[in-house]
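What follows is a set of notes on a single structure, which appears directly below.
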Amino acid sequence: MKKVTSFLLVALCQSNLVTAQMTTITDSSFIVSLNQQIDNLVIEQNTAALDSMYASDFVFSHGSGKIEGKQGWFISVAKGNFLTRQHDSVTVELHEGIAIVRGKLSVRKKNSTLISNYHLKYVRVYANRQKRWQLISHITTAEFHAPSESL
């Protein structure tokens, strides 16, 4: 009887470990996808869809040193100057209710006469609030500018 009980206990623990690992992988994959989806919506200027994806207390720390909240960032989004915002080398560190995301972002942005190309490294923090992941912070840790293109 002890052998059967021990076997069942080990099997149950392994099953819980596999479930926990699969949940972590699923959550990580979801966060990576959400991270890119947010920037796709930035390109589309879809602030209505973005509103629920950004927390009301969102803080954006730009590479220039400028710090702004959700409303200030949404004003930039609404201008529609972004042509591309593509993520690369994204990693997710999961904690209970928090996801820390590190990655690289390549951006093409237009103004009246030029297209700017720049790349940045970042840390983003997502919080799971009321069973929904929301972006609460973006911190640019390094920024690199490529030559601009004339329109």
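Coordinate-derived values only; no laboratory data. This structure is a prediction, so every number in the text was calculated from the model and none was measured. In this analysis, Cβ positions are derived from the backbone assuming ideal geometry, glycine residues included, and neighbour counts consider all displayed protein chains.
So here's what we get for this one:
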{"read-out": "Proximal charge balance of H87 [Cβ under 13 Å; K/R count +1, D/E count -1]", "value": "+3"}
{"read-out": "DSSP-loop trypsin sites (Lys or Arg not before Pro) across region 116-151, with at most 10 other Cβ within 10 angstrom", "value": "K131"}
{"read-out": "Loop sites in region 44-151: GluC sites (Glu not before Pro), DSSP, at most 11 other Cβ within 10 Å", "value": "E96"}
{"read-out": "Qualifying trypsin sites (Lys or Arg not before Pro) for region 64-109 [loop in DSSP, other Cβ within 10 Å: at most 15]", "value": "K66"}
{"read-out": "Listed pairs K66/K109; K79/K131; K104/K131 exceeding 24 Å between Cα atoms", "value": "K79/K131; K104/K131"}
